[in-house]
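The values are calculated or read from the model by the stated rules, or taken from the named source; none is laboratory data. The structure presented is a predicted model; accordingly, all values stated were derived computationally and were not measured. We place every Cβ from the backbone using ideal geometry, glycine too, and count neighbours over all the protein chains shown.
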Amino acid sequence: MIQSDYNGVHMSEEWIKIIAPATISNLGPGFDVFGMALQKPFDTIMVRKIDQGIIISSIEGQGADGIPREADLNSAGIAAAEVLRRCDAEFGLEMKIVKGIRPCSGIGSSGASAAGGAFAAHVLCDQVLSTMELVMCAAHAEEVTSGGLHADNVAPCIMGGFTAIRSYQPFEAISIQPPRNLGVVVAMPDVMVSTMESRKVLPHEVKVSDLVFHVGNASCFVHAMQTGDLDLLGRSVRDAVFEPARVNLIPYLKQAEDIAMSLGAKASFLGGSGPCVISFIDTDMMDGQNIADSIRDMYHENGIGCESWVTSWGLGCKRV
């Protein structure tokens, strides 16, 4: 059924609802290559068809006041528009966004919006694009909003599980189901770190020894994901270049990582561009709540608010 609204624009009464989860990007040696979808938190995006254009009629939730409503400035709107363009769609869409992921969090807030917008538009277009094309539509939005083309958040958000990007030109990524017992502890200190700003501190050149270090650890990381070897996974979350360049952007990062490791985490590292601190745990051995509470308490003792929770890897965007 069709109704008229917004100055005579015809709109469908049928809404579809998409959940787009948080993601961890970089993952140690996998800068701009590795990513993993989480079960929570997530953004919720509702869309319906309209005659033409893209209208973002509401944005609610965490950080909503600072997120642009203009579709050409909003990552969900940009990604959806790219899908409609590639599909030669003869309609537009209205979009409502509920942010469950705080912007500037380090767990793919803009990536979830971009992936969710692309995924929702793709459903309305009867899913004619390939998975790689769909990921690149979302990555296009990330490039516009963050100043650099990277798909390490949007790839796992759309494909689910752990993803590795083999190439950007041509784009190719794979998805691997992580180990069943891989748990994730997230600590989000009350510090704002934008992806664009965090990329400015990165080095433009790396030493050959650092390159060798990253290739070795990245290779073993993928093997550990495939085989379920959490000890090897923990040893392979090593980063000689990118986290060291960003360490001064996140107060008490090393203290938080040390707390997690002392309490039995398999690994602890900076999530994405920060400020989230991510810890991997074996859920057969522990529930991770002590790590979440202890890192949160450390930040509070130093006058910085911190939210923390325990989650697991997830399956990516889905229609609900």
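Among residues of the range 109-152 being of a type in the set (Ser, Thr, Tyr) and part of a helix (DSSP H, G or I), the one that is farthest from the chain's Cα centre (by Cα) is THR131.
Against the list (1) in contact with a Gly (Cβ under 7 Å, 6 or more places away or on another chain); (2) at pLDDT 95 or above; (3) closer than 17 Å to ALA139 by Cβ, the condition GLY92 fails is (3). Only a single criterion out of (1) in a helix (DSSP H, G or I); (2) touching a strand residue (DSSP E or B) at 6+ places or on another chain (Cβ under 6 Å) is not satisfied by GLU307, namely (1). Within the range 223-234, can one find any residue that is touching a helix residue (DSSP H, G or I) at 6+ places or on another chain (Cβ under 7 Å) and among the β-branched types (Val, Ile, Thr)? Checked against the condition, which is being touching a helix residue (DSSP H, G or I) at 6+ places or on another chain (Cβ under 7 Å) and among the β-branched types (Val, Ile, Thr), the range 223-234 yields no hits at all.
Residue under question is SER198, and the condition is that it be farther than 17 Å from GLY35 by Cα and surrounded by 22 or more Cβ atoms within 10 Å (Cβ to Cβ); does it hold? It would help to see each step written out before you state the result.
Values: farther than 17 Å from GLY35 by Cα: yes; surrounded by 22 or more Cβ atoms within 10 Å (Cβ to Cβ): yes.
Answer is yes for this residue.
Among the residues of the range 187-207, the one identified as of a type in the set (S, T, N, Q) and part of a loop (DSSP other than H, G, I, E, B) is SER194. Can we say SER105 is assigned to a loop (DSSP other than H, G, I, E, B), crowded, with 21+ Cβ neighbours inside 10 Å and among the polar types (S, T, N, Q)? In short, yes.
Given the residues VAL206, VAL222, VAL185, which is the only one that is out of contact with any Asp or Glu (no Cβ under 9 Å at 6 or more places or on another chain), on the phi < 0 side of the Ramachandran plot and at pLDDT below 95?
Details: VAL222 fails: at pLDDT below 95; VAL185 fails: at pLDDT below 95.
Sole residue among the options that is out of contact with any Asp or Glu (no Cβ under 9 Å at 6 or more places or on another chain), on the phi < 0 side of the Ramachandran plot and at pLDDT below 95: VAL206.
Going by the structure shown, is VAL193 at pLDDT below 95, surrounded by fewer than 22 Cβ atoms within 10 Å (Cβ to Cβ) and in contact with a Ser or Thr (Cβ under 7 Å, 6 or more places away or on another chain)? Steps first, answer last, please.
On the way: at pLDDT below 95: yes; surrounded by fewer than 22 Cβ atoms within 10 Å (Cβ to Cβ): yes; in contact with a Ser or Thr (Cβ under 7 Å, 6 or more places away or on another chain): yes.
Against the criterion (at pLDDT below 95, surrounded by fewer than 22 Cβ atoms within 10 Å (Cβ to Cβ) and in contact with a Ser or Thr (Cβ under 7 Å, 6 or more places away or on another chain)), VAL193 qualifies.
Name the residues in the range 241-265 that are of a type in the set (Gly, Ala, Ser) and free of Cβ contacts under 8 Å to residues at least 40 places away in the same chain, would you? Before you say what the answer is, go through the steps one by one.
Pass one, the range 241-265, residues of a type in the set (Gly, Ala, Ser): 245, 256, 260, 262, 264-265.
SER262, GLY264, listed by residue number.
The residue list VAL212, VAL222 contains one member that is over 21 Å from GLY35 (Cβ atoms) and either among the polar types (S, T, N, Q) or in a helix (DSSP H, G or I) (or both), which is VAL212.
Report the residue count in the range 103-154 for those that are of a type in the set (Asp, Glu), farther than 25 Å from PHE242 by Cα and free of Cβ contacts under 8 Å to residues at least 24 places away in the same chain.
Initial filter on the range 103-154 (of a type in the set (Asp, Glu)): 126, 133, 142-143, 152.
From what is left, the residues that are farther than 25 Å from PHE242 by Cα are 126, 133.
Narrowing further to those that are free of Cβ contacts under 8 Å to residues at least 24 places away in the same chain: 126.
Counting residues in the range 103-154 that are of a type in the set (Asp, Glu), farther than 25 Å from PHE242 by Cα and free of Cβ contacts under 8 Å to residues at least 24 places away in the same chain gives 1.
The set of residues from the range 242-281 being surrounded by 18 or more Cβ atoms within 10 Å (Cβ to Cβ) and in a loop (DSSP other than H, G, I, E, B) comprises ILE250, TYR252, LEU263, ALA265, LYS266, GLY271, GLY272, SER273, GLY274, PRO275, CYS276. In this structure, is GLY28 among the small types (Gly, Ala, Ser) and touching a helix residue (DSSP H, G or I) at 6+ places or on another chain (Cβ under 7 Å)? For GLY28, the condition - among the small types (Gly, Ala, Ser) and touching a helix residue (DSSP H, G or I) at 6+ places or on another chain (Cβ under 7 Å) - is met. In the range 44-68, the qualifying residues are those that are assigned to a loop (DSSP other than H, G, I, E, B) and under 19 Å from ILE19 (Cα atoms), and the one that is modelled with the highest pLDDT is ILE67.
Those residues that are crowded, with 19+ Cβ neighbours inside 10 Å and either modelled with pLDDT of 90 or more or in a strand (DSSP E or B) (or both), I need them from the range 12-27; list them, please.
Step one: list which residues in the range 12-27 are crowded, with 19+ Cβ neighbours inside 10 Å, which gives 18-27.
Within the range 12-27, ILE18, ILE19, ALA20, PRO21, ALA22, THR23, ILE24, SER25, LEU27 qualify.
Among the residues of the range 81-91, which ones are crowded, with 21+ Cβ neighbours inside 10 Å and over 14 Å from GLU133 (Cβ atoms)? I'd like the intermediate steps shown before the answer.
Of the residues in the range 81-91, the ones crowded, with 21+ Cβ neighbours inside 10 Å are 81-84.
Once the filter is applied, which keeps residues that are crowded, with 21+ Cβ neighbours inside 10 Å and over 14 Å from GLU133 (Cβ atoms), the range 81-91 yields only ALA81.
Evaluating ASP284 against the criteria (1) closer than 17 Å to TRP309 by Cα; (2) assigned to a loop (DSSP other than H, G, I, E, B); (3) over 18 Å from the mean Cα position of the chain (by Cα) leaves one unmet condition, (1). Scanning the range 219-236 for residues that are within 18 Å of GLY288 (Cα to Cα) and not acidic (Asp, Glu) turns up LEU230, LEU233, GLY234.
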